[in-house]
1. Name the single residue, out of those in the range 2-16 being modelled with pLDDT of 90 or more and assigned to a loop (DSSP other than H, G, I, E, B), that is most open to solvent (accessible area, probe 1.4 Å).
2. For the range 46-58, which residues satisfy the criterion of being open to solvent by 70 Å² or more (accessible area, probe 1.4 Å) and either within 30 Å of residue 83 (Cβ to Cβ) or part of a loop (DSSP other than H, G, I, E, B) (or both)?
3. Which is modelled with pLDDT of 85 or more, under 23 Å from residue 6 (Cβ atoms), of a type outside the set (S, T, N, Q) and open to solvent by 100 Å² or more (accessible area, probe 1.4 Å), of 33, 62, 23?
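The values are calculated or read from the model by the stated rules, or taken from the named source; none is laboratory data. Everything quoted here is computed from the prediction, not taken from an experiment. All Cβ positions, glycine included, derive from the backbone under ideal geometry; neighbour counts span all protein chains shown. The area values use the complete protein model at the heavy-atom level, side chains included, leaving out ligands, DNA and RNA. Shrake-Rupley method; radii C 1.70, N 1.55, O 1.52, S 1.80 Å.
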Amino acid sequence: MADQPLKAHFIAEPIELPDGRKIRVSAYPDGSIRFRVDGLPYVLTEAYLSGNPENDKAILKISPGKQGSNASHNYVEWLESKNGNDS
């Protein structure tokens, strides 16, 4: 029988961002953390996951975008089109 996926033992209430996207964080018994974010697509633009565990914190940054390095440009275009701006 295949391993069953872990069931989250904590799921935070969704956080609504000013533009309407929502973020939800779940924690699992094995210590893993899951982030669920509306408004795809996203690209990973920063990840700091190692260092001194007593002094450092894990940092993950995702940016909306369609093609890697154009992430922020694509998001600005999307916001402008959503708001009806032709800048």
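1. Start the filter on the range 2-16 by keeping residues that are modelled with pLDDT of 90 or more, which leaves 12-16.
So of that shortlist, the ones also assigned to a loop (DSSP other than H, G, I, E, B) come out as 12-14.
Details: 12: 28, 13: 149, 14: 72 Å².
Within the range 2-16, the match that is most open to solvent (accessible area, probe 1.4 Å) is 13.
2. Keep residues of the range 46-58 that are open to solvent by 70 Å² or more (accessible area, probe 1.4 Å), which gives 46, 48-50, 53-55, 57-58.
Within the range 46-58, 46, 49, 50, 53, 54, 55, 57, 58 qualify.
3. After ruling out the rest, the residue left standing is 33.
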